[in-house]
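Following: one structure in structure tokens, then a few remarks.
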Amino acid sequence: MNIAEKTLAELREILEAYLLKNNYRKTPERFSILEAIYYFNKRFDAEILHIEMINKKYRVSRATIYNTLEILIACNRIVRLHFNRNIAEYEIATTKGEHFYIVCLDCHEIMDIDEEFFRGSAEEKKGSRFGFEIKQQVLNIFGKCMNYANGSCDKKAETLKCL
């Protein structure tokens with residue numbers, strides 16, 4: 001199940017609960033950003049989201065967008081993606097937790113793939129099924145360290161102090 005399979009009302013409730021629990025303000029801008037993301041249904045970066053908000057006549061600053069993206073990451077509604085570019089991209093989080101991509105080293109096209117790809121041999125991966133000659137594979141796994149068991153990671157707190 002992905003975020004799109006939940007109703008917008010359920011997502012608003014999740015965001016509202018997270019905001020209240022963490023002493024963030026419940027602003028209409030945050031909920032309009034959530035709604036825009038809900039209807040995007042594709043990868044996006046903060047600038048694309050900002051333009052979308054302007055086109056829909058929402059007055060939302062870039063700072064509000066970036067702050068809201070961080071909140072939505074923290075409450076597991078979206079994930080941040082890095083594809084060897086200088087721009088972070090975001091997409092709706094899946095509850096399955098696994099999502100894979102092939103990225104072209106020349107044109108930077110990004111293609112979604114499924115876990116079946118990893119079961120194939122090296123020769124099969126070079127085949128026309130994906131239209132790519134695989135040059136490199138990198139697997140990034142994201143989770144929460146055991147220090148987080150008490151609700152917050154001391155290392156994260158130390159990192160934030162340095163900023």
Apart from one, (1) open to solvent by less than 60 Å² (accessible area, probe 1.4 Å); (2) of a type outside the set (Phe, Trp, Tyr); (3) part of a helix (DSSP H, G or I) all hold for residue 13; the odd one out is (1)
Taking the stretch 23-39 and keeping residues in contact (Cβ under 8 Å) with a residue 24 or more places away in the chain and either of a type outside the set (Val, Ile, Thr) or touching a Cys at 6+ places or on another chain (Cβ under 8 Å) (or both) leaves 24, 29, 30, 32, 34, 35, 38
Given the conditions (1) crowded, with 16+ Cβ neighbours inside 10 Å; (2) at pLDDT 85 or above, every one holds for residue 93 apart from (2)
Subset of the stretch 16-33, residues over 23 Å from residue 57 (Cβ atoms) and either among the acidic types (Asp, Glu) or in a helix (DSSP H, G or I) (or both), comes to 16, 17, 18, 19, 20, 21
Taking the stretch 60-69 and keeping residues in contact with a Lys or Arg (Cβ under 9 Å, 6 or more places away or on another chain) and either of a type outside the set (A, V, I, L, M, F, W, C) or touching a residue at least 40 places away in the same chain (Cβ under 8 Å) (or both) leaves 64, 67, 68
Considering the stretch 66-80, residues that are among the aliphatic types (A, V, I, L, M) and not in a helix (DSSP H, G or I), and then whichever is nearest to residue 33 (Cα to Cα), we arrive at 78
Condition set within 17 Å of residue 16 (Cβ to Cβ) and out of contact with any Phe, Trp or Tyr (no Cβ under 8 Å at 6 or more places or on another chain), scope the stretch 34-71, selection surrounded by the fewest Cβ atoms within 10 Å (Cβ to Cβ): answer is 70
Counting only residues that are in a helix (DSSP H, G or I) and within 21 Å of residue 86 (Cβ to Cβ), the stretch 41-65 contains a total of 10
When (1) at pLDDT below 90; (2) open to solvent by 20 Å² or more (accessible area, probe 1.4 Å); (3) of a type outside the set (Phe, Trp, Tyr) are applied to residue 75, the one that fails is (2)
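The values are calculated or read from the model by the stated rules, or taken from the named source; none is laboratory data. Treat the numbers as computed from the prediction; the structure is a model and nothing was measured. Neighbour counts run over all protein chains shown; Cβ positions are idealised from the backbone, glycine included. When the accessible area is computed, the model is the full protein with side chains, heavy atoms only, and any ligands, DNA or RNA have been set aside. Shrake-Rupley method; radii C 1.70, N 1.55, O 1.52, S 1.80 Å.
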